[in-house]
Amino acid sequence: MPPHAQSTRAAAPAAHEEHEDVLSSETLLKGRRETLIRHGDKVYRLRHTSNDKLILTK
């Protein structure tokens, strides 16, 4: 990864650290690769991909 990309990534979490309501993906997924999230009357699937990305789908 280029040096400028590392500094950008490192700076991004700092903005969220001041919010008490930030949850880690580990907390949401509880060691699984996917979990279901109910939002109102709809259910969404949060999936952790093999490329270390998160995908949220209806």
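The values are calculated or read from the model by the stated rules, or taken from the named source; none is laboratory data. Computed from a prediction, not measured in an experiment: that's the story for all the values here. Here the Cβ positions follow ideal geometry from the backbone for every residue, glycine too, while neighbour counts run over all protein chains shown. Surface areas here come from the heavy atoms of the whole protein model, side chains and all, with no ligands, DNA or RNA. Shrake-Rupley method; radii C 1.70, N 1.55, O 1.52, S 1.80 Å.
Per residue, what accessible area does segment 16-58 have, given a 1.4 Å probe and all protein chains present, in Å²?
Ligands and nucleic acids excluded, the result is 94 Å² per residue.
According to a simple spin-label model (label point 7 Å from Cα along Cα-to-Cβ), what is the distance in nm between V22 and V43?
Spacing of the two 7 Å Cα→Cβ label points: 3.1 nm.
Can you list which of the GluC sites (Glu not before Pro) found in segment 18-58 are DSSP loop residues with at most 12 other C-beta atoms within 10 Å? Please report the intermediate quantities before stating the final value.
On the way: sites: E18, E20, E26, E34; in loops: E18, E20.
Taking segment 18-58 and a limit of 12 other Cβ atoms within 10 Å, the loop GluC sites (Glu not before Pro) found are E18, E20.
Less than 18 Å apart at the alpha-carbon level, and either on another chain or at least 8 residues along: which lysines does that give for K42?
Result set, ordered by chain and number: K58.
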